[in-house]
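Structure, as structure tokens:
The values are calculated or read from the model by the stated rules, or taken from the named source; none is laboratory data. In this text, all values refer to a predicted model and were calculated from it rather than measured experimentally. Here the Cβ is made from the backbone with ideal geometry for all residues, glycine too, and neighbour counts use every protein chain on show. SASA here: full protein model, heavy atoms, side chains in, ligands and nucleic acids out. Shrake-Rupley method; radii C 1.70, N 1.55, O 1.52, S 1.80 Å.
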Amino acid sequence: SQRIKIKALLTGELTGKEVTVKGWVRAFRQNRFIALNDGSTNNNIQIVVDFENTDPALLKRITFGSAISVVGEMVPSLGSGQKVEVNAKTIEILGDCNPEEFPLQPKKQSLEFLRENAHLRFRTSTFGSIFRLRNTLAFAVHKFFNDRGFVYLHTPIITASDAEGAGEMFRVTTFDPTKPPLTDTGEVDFKQDFFGKATNLTVSGQLEGELGAMALSDIYTFGPTFRAENSNTTRHLAEFWMIEPEMAFYDLNDNMDLAEEMLKYLIGYALEHNREDIEFLTQRLLEEEKQKPQAERSEMTLLEKLQFCLDNDFQRLTYTEAIEILKDSNHNKKKKFQYLIEGWGADLQSEHERYLVEKHFKKPVILTDYPKDIKSFYMRLNEDGKTVRAMDILFPGIGEIIGGSQREERYDKLTQRMDEMGVPKDELWWYLDTRRFGACEHAGFGLGFERLVLFVTGMGNIRDVIPFPRAPKTAEF
Ligand code: ATP
Ligand code: MG
Ligand code: MG
Ligand code: MG
């Protein structure tokens with residue numbers, strides 16, 4: 001008979017039938033009960049072993065982590081922990097797992113340990129839940145946009161455009177050590193790297209995405225993004241995935257509406273399709289919180305936090321209004337400088353963002369109309385000449401999850417900003433053409449996929465929500 005996944009077996013529909021099940025041993029008690037897992041769910045299927053009629057040499061090889069195949073009959077369980085179980089007829093060892101050498105233990109492992117053994121962490125329930133959720137969210141992204149008629153557009157990964165340097169870039173070099181592309185003085189000539197052009201790994205697909213939006217109306221990208229972040233935060237990776245929709249005939253309000261609708265849809269989709277995983281992670285967090293002093297524990301569980309996000313409008317306010325609140329908070333706190341802000345014009349630090357979201361409004365916040373000097377050249381200038389139609393969406397426990405804007409579609413205004421900010425117009429001639437030929441109002445944003453997964457899983461470190469983290473000191477992959 002064909003292998004059935006454990007998630008399907010646990011529904012009990014096959015009771016009375018002979019089944020084949022394969023997986024990895026999570027526990028083996030009293031030479032009799034195997035808890036078997038195949039990654040389809042965190043719940044194990046119980047295999048009941050007829051130990052009196054089983055070769056003792058084989059029983060010895062059923063250890064934590066070993067891979068086995070079982071043929072047996074699905075029966076209602078006599079135990080209290082599960083509805084059904086499998087009475088084993090034959091057990092085959094597919095792969096031994098020497099407990100003396102296997103780094104994982106049946107007990108709970110610390111996240112630090114699992115980060116150091118990242119190649120094995122897939123085998124734990126926590127990471128099983130995280131990566132199933134990550135998969136569901138990625139699928140939901142495509143579903144959300146395709147249901148709304150957006151075209152999935154692949155933008156280049158090796159590119160000459162640096163999207164105005166959203167972060168430090170990784171240079172792409174063709175490197176033949178026997179004949180590196182050299183200048184007259186013998187240095188590596190990066191200008192020759194990509195068939196005569198200097199190139200880097202993409203930091204954003206936005207500028208290319210705008211080309212698509214100017215003809216297809218609504219597009220989105222969803223691809224790997226690279227930034228040589230030389231910091232060690234819990235929110236930054238050197239390689240992350242970004243979702244960047246770009247819409248023609250959208251203003252900033254339309255942009256905010258779409259972003260809020262999308263975030264709620266994605267969270268709702270995960271709640272509906274992976275509730276079991278979210279409940280598992282909620283429980284895990286509750287246990288973690290028990291270690292903390294009462295005052296530091298969060299008021300809501302993960303499940304409640306996600307539901308709260310669905311049920312409430314995001315708070316929308318301008319940067320200028322936010323500065324007033326921050327100044328006020330600083331004043332009220334009698335100059336405890338924790339939330340000190342330099343004043344209008346300064347970029348918000350993450351502690352300011354967290355204050356607004358977690359202490360002041362206690363809900364997701366959309367901040368708009370930032371000073372032009374701290375934002376990119378392509379954002380549309382407001383009538384005041386000082387602010388631009390930018391929006392940052394800030395989430396509790398995460399900080400910035402989305403950055404976006406209405407784009408500057410007026411050729412003269414755009415080129416003026418490029419001159420002011422030293423953005424080379426000649427290199428972006430193709431981008432400027434969108435403003436010369438049939439320009440129209442348009443907008444878009446970038447959602448950091450891992451920050452979304454962080455929020456939905458309640459994890460604390462972005463390295464724990466991507467299968468193969470690429471960041472300083474993660475050289476093994
Ligand atoms: P931050 O202020 O957190 O550094 P940013 O303003 O530099 O982010 P944007 O250029 O606005 O980032 O990119 C859009 C989104 O991509 C961000 O809102 C965030 O969700 C995500 N993002 C940016 N940098 C990283 C990174 N290094 N690792 C993971 N996600 C990132
Ligand atoms: Mg950044
Ligand atoms: Mg930012
Ligand atoms: Mg940003």
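Points worth noting:
- Only one of Phe226, Phe249, Phe280, Phe308 that is assigned by TED's automatic domain parsing to the domain that holds Phe139, of a type outside the set (A, V, I, L, M) and under 16 Å from the mean Cα position of the chain (by Cα): Phe226
- Test result for Pro224, within 13 Å of ligand 1 (Cβ to nearest atom) and either open to solvent by less than 10 Å² (accessible area, probe 1.4 Å) or closer than 22 Å to Arg148 by Cβ (or both): no
- Region 393-416 - residue that is open to solvent by 10 Å² or more (accessible area, probe 1.4 Å) and of a type in the set (D, E, K, R) and, of those, farthest from the chain's Cα centre (by Cα): Asp412
- In the set Ala295, Ala198, Ala213, only one residue is over 24 Å from Ile466 (Cβ atoms) and not assigned by TED's automatic domain parsing to the domain that holds Met459; that residue is Ala198.
- Screening Thr434 against (1) closer than 29 Å to Ala198 by Cα; (2) open to solvent by less than 60 Å² (accessible area, probe 1.4 Å); (3) within 14 Å of ligand 1 (Cβ to nearest atom) leaves a single unmet condition, (3).
- The residues on offer are Gly65, Gly39, Gly81, and the sole one that is out of contact with any helix residue (DSSP H, G or I) (no Cβ under 9 Å at 6 or more places or on another chain) and not assigned by TED's automatic domain parsing to the domain that holds Leu133 is Gly81.
- Of everything listed in (1) at pLDDT below 95; (2) in contact with a Pro (Cβ under 6 Å, 6 or more places away or on another chain), the single unmet condition for Ser80 is (2).
- Filtered residue count, region 149-160, keeping only those that are over 17 Å from Asn200 (Cβ atoms) and under 22 Å from the mean Cα position of the chain (by Cα): 5
- Applying the set (1) surrounded by fewer than 22 Cβ atoms within 10 Å (Cβ to Cβ); (2) in a strand (DSSP E or B) to Glu358 leaves exactly one unmet item: (2).
- Selection status of Leu286, aliphatic (A, V, I, L, M) and crowded, with 17+ Cβ neighbours inside 10 Å: no
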